[in-house]
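The values are calculated or read from the model by the stated rules, or taken from the named source; none is laboratory data. Quick caveat: nothing in here was measured; it's all calculated off a predicted structure. In this analysis, Cβ positions are derived from the backbone assuming ideal geometry, glycine residues included, and neighbour counts consider all displayed protein chains. To get the accessible areas, we keep the full protein, side chains included, count just its heavy atoms, and leave off ligands, DNA and RNA. Shrake-Rupley method; radii C 1.70, N 1.55, O 1.52, S 1.80 Å.
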Amino acid sequence: MPFARFPFAGRVTARRLRARVGTVLALGLAAAVSVLGSGCSRTPADTTTVSFWAIGREGEVISTLLPEFEKAHPGIRVDMQQIPLTAAHEKLLTAFAADTLPDLCQLGNTWIAEFAALDALTPLEPYVQGSEVVKQDDYFPGIWETNVIDGQLVGIPWYVDTRLLFYRKDILRQAGVKLPIDTWEQWNTAMAQVKAYVGPDRYAILMPLNEFEQQLSLGLQQDDPLLRDHNNRGNFQSPGFRKALAFYANIFARQWAPLASETQVSNVWDEFFNGYFAFYFSGPWNIREFRNRAPENLKDQWGTMPLPGPHGPGAGIAGGSSLVLFQGSRHKDAAWKLVEFLSRPDIQQRFHAMIGDLPPRRSTWRTPELESDPLARAFADQLERVKPTPKVLEWERIVQEMRLATERVVRGGQPQDAALAELDRRVDQILAKRRWMYQRDHTDAGTAGASP
């Protein structure tokens, strides 16, 4: 996901934002964006056209399901536009400033808070209350919670993403590792056993240093939040994150993991089956990759397991994308019908079969195709314990600062205390405008706010 952000925080009105950026964008960008939302074909006068923007590969795949929706709803036509992932964030902000957002959009979970702060999203609780399809108690709680901003539901989970452990069954068995592995202590023991077995030129686990998901997952397993003071300051010096960083850094200090980014590993799939590492901390797309690439003699010698935690099965990241209705939509009721269609368990199961994205509903996981898949089952288990990240529009900048700070510890040898103090200082700088706006808004309301 791109990380560019407007340099402000908090809830602002559409008029105030457009006053700041509209004159800059209107001369050249509004016309370009309008092309995305317009179609060339004519439709009958009594047909409602719903504009739907989908991002990346999801847009390519979902288009094959839309004729079924249009057949079931002959009065609705879907004008779907596929947006490249690398351009999606800027296109959405440009369209917001030009007042050309679509009716319905796929929105990454880390972008929900940002567009909610712009007052761009339609509250969806009234739609859910009247729906026979979308039922909150059928969704994994942590995924649903990512869409609740300031007490308002503004998105419906479409697909989910999290991280867990892929592992080589044969190597663990030969190293004497006992399963299941539920705790950090058991995980440490297993990695030590694997390293002793494979020797100095191979490793127990691959955790690429150019990724943040490992450190973030370990941090979410703690009781201490990652931000404090109403999400206005960093909390990385808390006892919880200190424990997470110490556990993470120890894996590299013991040489259980190589000091390498993913680009320094020639081919992670081949190296996994070559035995270069026995554990791989990764996401659901690799189920398909490993199945396609596994040598014949190793096809049944790898598996997936939920993340161990400090004292038992641990939490994970609540990633993925949701479906949102924009405030400016003139066809919200028709767009909601499309949300319901895409939320049906049978449609989600077919979507998963086509692309591998994980469904957010428990009932979808009870379909025979998913329930009988032992590799997917660990993800269903993990999804019961996922947690949302802090709901601030600056989060993607913050998590990259976290990645750089932890890399300085494990690769550069910076003391952990110094790294976390510097990380909190940098995060506080990123959140400075948010603190100022929080203080202004709460002072106006007659309550004390966080100091800028």
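Quick notes on this structure:
- Restricting Gly319, Gly356 to those that are modelled with pLDDT under 95 and touching an Asp or Glu at 6+ places or on another chain (Cβ under 6 Å) reduces the list to Gly319.
- Any hit, the range 331-347, residues being open to solvent by 10 Å² or more (accessible area, probe 1.4 Å), touching a Lys or Arg at 6+ places or on another chain (Cβ under 7 Å) and not basic (Lys, Arg): yes
- Qualifying positions in the range 162-178 - over 26 Å from Gly319 (Cβ atoms), in contact with a helix residue (DSSP H, G or I) (Cβ under 7 Å, 6 or more places away or on another chain) and in a loop (DSSP other than H, G, I, E, B): Gly176, Val177
- Only one of the numbered conditions (1) out of contact with any Asp or Glu (no Cβ under 8 Å at 6 or more places or on another chain); (2) of a type outside the set (Asp, Glu); (3) over 11 Å from Val160 (Cβ atoms) is violated by Gln382, and that is (3).
- Selection of the range 246-264 for residues being assigned to a loop (DSSP other than H, G, I, E, B) and either farther than 22 Å from Met402 by Cβ or open to solvent by 40 Å² or more (accessible area, probe 1.4 Å) (or both) yields Arg254, Gln255, Leu259.
- Residues of the range 378-398 classified as closer than 29 Å to Arg435 by Cα, in a helix (DSSP H, G or I) and open to solvent by less than 30 Å² (accessible area, probe 1.4 Å), total: 3
- Test result for Gln174, surrounded by 16 or more Cβ atoms within 10 Å (Cβ to Cβ) and among the polar types (S, T, N, Q): no
- Residue list for the range 57-67, filter: assigned to a helix (DSSP H, G or I) and open to solvent by 70 Å² or more (accessible area, probe 1.4 Å): Arg57, Glu60, Pro67
- So Glu401, is it closer than 30 Å to Asn250 by Cα, modelled with pLDDT under 95 and either open to solvent by 30 Å² or more (accessible area, probe 1.4 Å) or touching a helix residue (DSSP H, G or I) at 6+ places or on another chain (Cβ under 9 Å) (or both): no
- Filtering Asp150, Asp79, Asp161 for residues that are modelled with pLDDT under 95, open to solvent by 10 Å² or more (accessible area, probe 1.4 Å) and in contact with a Phe, Trp or Tyr (Cβ under 9 Å, 6 or more places away or on another chain) leaves a single hit, Asp161.
- Set Thr443, Thr447: member being open to solvent by 30 Å² or more (accessible area, probe 1.4 Å), modelled with pLDDT under 95, over 23 Å from Leu220 (Cβ atoms) and not in a helix (DSSP H, G or I): Thr447
- Counting the residues of the range 132-168 that are among the hydroxyl-bearing types (Ser, Thr, Tyr) and more than 23 Å from Ala54 (Cα to Cα) gives 1.
- Yes/no for Val134 being open to solvent by less than 10 Å² (accessible area, probe 1.4 Å), assigned to a loop (DSSP other than H, G, I, E, B) and touching a Phe, Trp or Tyr at 6+ places or on another chain (Cβ under 8 Å): yes
- The number of residues in the range 282-330 being surrounded by fewer than 21 Cβ atoms within 10 Å (Cβ to Cβ), in contact (Cβ under 8 Å) with a residue 12 or more places away in the chain and of a type in the set (S, T, N, Q) comes to 4.
- Residue satisfying all of: in the range 218-243; of a type in the set (Lys, Arg) and over 19 Å from Pro415 (Cβ atoms); most open to solvent (accessible area, probe 1.4 Å) among these: Arg228
- Residues in the range 265-272 include at least one that is modelled with pLDDT of 95 or more, open to solvent by less than 20 Å² (accessible area, probe 1.4 Å) and over 22 Å from the mean Cα position of the chain (by Cα).
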